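Asks: Mind having a look at this structure? Questions to follow.
Values in this text are rule-based calculations from the coordinates and carry no lab data. Note that the structure is a prediction, hence the values are computed from the model and not measured. A quick note on method: Cβ atoms are made from the backbone with ideal geometry, for glycine too, and the neighbour counts reach across all protein chains shown.
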Amino acid sequence: MSASDEPLVKGRRHFLASATTLAAAASVAPALAHARARQPATAEPVEAAVVPFFGEHQAGIATPQQSHVYFAAFDVATEKRDELIAMLKVWTAAAARLSQGQPVAPLSGDGSKEPVDSGEAQGLSPARLTLTFGFGPGLFAKDGQDRFGLGARRPAALVDLPRFNGDQLVAERTGGDLCIQACANDPQVAFHAVRQLSRLSYGAARLRWAQPGFLSSNRATHETPRNLMGFKDGTMNPDRANPKVMGDFVWAGAETPWMQGGSYLVARPIRIALEHWDRMKLAFQEQVVGRHKDTGAPLGKQGEFDALDLDANDADGNPVLPENSHVRLGAPELNDGAQILRRSYSYDNGLSFTAERWPPWRQAMEFDAGLMFLCFQGDPRQGFIKIFERMSKFDMMNQFVTHIGGGVFACPPGVQEGGYIGQALFAQA
Ligand code: HEM
């Protein structure tokens, strides 16, 4: 039986009950799509605002970055394999609809029941919503115990991240058996999507931690966006349009067959001591990053996209790009060729006056803000871990940033129509 023939609904749980309405809603999709097309003339055409959900790779990895993210990690609450699979099928059906700007179920209906879709995205553009799903180590085993019969299927590349120098990971913002990266050009669309998926999973999975983020750039000029340190961020990244580069660095290979064409995500909320950073002289800020603040050009160069000159020395014989500058430590040439696809977002959680005892300047921190660092790679051992091993020890930027949480997730390949998220993992087990 193909996945599309199987009923979405099995069992008694609340999330499965919601799926009945979800399945019924699928039949009204064309009418809704038509309704959504009646938008003011100034709005982005609906088709241009849709990133297809189905495909060879999951959307939200090679997809050009949208302006907002809502990242959420979940713990799986059920221990029953068929309930986990049922939930992934429900998520698949809902994600496909949400990506097209459709609610998971119509807003009108039986007044005696709670609405299946909460409604806040009604009338909004699909906003290039992408939903990228990942599996954390805890899906395969917990406390040394196999889960869902998947223990032996855990990819070797899905390693537990080592403890890095300076890590101050807070348990409540770390880990997760599953993750969803929702990206969209409208924060309400991204939030709405995670909210619906969370509601549909009641009883089977529960939210563990979440982090929204934003990334502004001038849409007309397509300039590289700036992070909260005020520097252009995302200049050097593997070329998403080059299949060879993506194959070499971003997509997982055949080592774990069910992951082939997928990618590994490392997510780390990183708090930045903005108050401390803002007191640094411009020239020092530039030395920390290794690039000019205004243009984004590497130190000693004119253009943002000029190559780093790792061998250039100044008149005193010191490297133009300081040994412990961020971009030097991140350069592929000094990391055995390692490259990762960075897809990070700034975050702002308002103010927090929680005093950290060390370093002393953190005691004066006010903004609870920083970078929701998100990066994709074919193997974290050859990507994030390789690069960050050295960076976490030597980067001058470390005196301004603290990793406060995060996780590592295996994002399976894309879903084919009629299939469901991670189907090959369960099909083989
Ligand atoms: C708050 C934390 C961070 C900030 C503010 C930050 C900022 C920046 C900036 C401004 C650049 C230069 C522009 C560019 O090429 O995109 C850059 C480059 C880079 N960053 Fe970060 N970064 C942070 C964390 C990290 C982490 C945790 C890693 C882990 C591996 C990393 C890896 C890289 C790499 C690989 C490059 C490109 C280097 C090159 O090839 O030139 N960054 N980052």
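Asks: Which of rounded, prolate, oblate describes the range 121-276, given a ≥ b ≥ c as roots of the alpha-carbon gyration tensor eigenvalues and a/c under 1.5 marking rounded, otherwise prolate only if a/b is larger than b/c? Before the final figure, lay out each step's value.
Replies: Details: a/c = 1.42, a/b = 1.31, b/c = 1.09.
Since a/c stays below 1.5, the shape of the range 121-276 is classed as rounded.
Asks: With the convex hull built on the Cα atoms of the range 298-429, state its orientation-averaged projected area in nm². If you can, show how the numbers build up before the last one.
Replies: Numbers: hull surface 52.6 nm².
If you wrap the Cα atoms of the range 298-429 in a convex hull and average its projections, you get 13.1 nm².
Asks: Still on this structure, please answer the following. Each label point is 7 Å from the Cα along the Cα-to-Cβ direction; what then is the distance between the points at Ala156 and Ala254, in nm?
Replies: Distance between label points: 1.5 nm.
Asks: Turning to a different aspect of this structure: Taking a ≥ b ≥ c as the square roots of the eigenvalues of the Cα gyration tensor of the range 53-124, is the shape rounded (a/c under 1.5), prolate (a/b larger than b/c) or oblate?
Replies: On the way: a/c = 1.90, a/b = 1.10, b/c = 1.73.
The shape class here is oblate.
Asks: How far apart, in nm, are two points set 7 Å out from the Cα along the Cα-to-Cβ line at Asp82 and at Gln302?
Replies: 7.0
Asks: Can you give the Kirkwood hydrodynamic radius of the range 275-348 from its Cα pairs, in Å with one decimal?
Replies: Values: mean 1/r = 0.0740 Å⁻¹.
Radius from the Kirkwood sum: 13.5 Å.
Asks: Per-residue counts of other Cβ atoms within 10 Å, averaged by peptide: what ranking do you get for 389-400, 216-227, highest first?
Replies: Result, highest mean Cβ count within 10 Å first: 389-400, 216-227.
Asks: Then there is this: Once Lys and Arg get +1 and Asp and Glu get -1 on their Cβ, which of Pro257, Gly247, Met236 lies farthest toward the positive end of the dipole of the range 152-265?
Replies: About the Cα centre, the residue reaching furthest to the positive side is Pro257.
Asks: Could you tally the net charge around Cys183, taking each other residue with its Cβ under 13 Å from the Cβ of Cys183, Lys/Arg +1 and Asp/Glu -1?
Replies: Summing Lys/Arg as +1 and Asp/Glu as -1 gives +1.
Asks: Sort the range 218-310 into rounded, prolate or oblate with this rule: let a ≥ b ≥ c be the square roots of the eigenvalues of the Cα gyration tensor; rounded if a/c is under 1.5, and if a/c is not under 1.5, prolate when a/b is larger than b/c, oblate otherwise. List each step's numbers first, then the result.
Replies: Working: a/c = 2.41, a/b = 1.77, b/c = 1.36.
Judged from the Cα gyration tensor, the range 218-310 comes out prolate (a/c at least 1.5, a/b above b/c).
Asks: Send over the semi-axes of the chain's equivalent ellipsoid, whole angstrom and largest first, taken as the square roots of 5 times the C-alpha gyration tensor eigenvalues.
Replies: Value: 38, 24, 21 Å, ordered largest first.
Asks: If you split all Cα-Cα distances of the range 51-173 into 5 Å bins from zero, what percentages do you get per bin, shortest first?
Replies: With 5 Å bins starting at 0, P(r) equals 2, 8, 13, 16, 17, 17, 13, 9, 4, 1, 0, 0.
Asks: So what's the angle, to the nearest 10 degrees on a 0 to 90 scale, between helix 14-26 and the longest Cα principal axis of the chain?
Replies: Helix 14-26 sits at roughly 80 degrees to that axis.
Asks: Per-residue counts of other Cβ atoms within 10 Å, averaged by peptide: what ranking do you get for 418-426, 294-302, highest first?
Replies: By packing density, highest mean first, the sequence is 418-426, 294-302.
Asks: So what is the calculated 222 nm ellipticity per residue for the chain, using -39500 (n - 2.57) for each DSSP H run with n of 4 or more, over all residues, to the nearest 500 deg cm²/dmol?
Replies: It comes out at -6500 deg cm²/dmol, rounded to the nearest 500.
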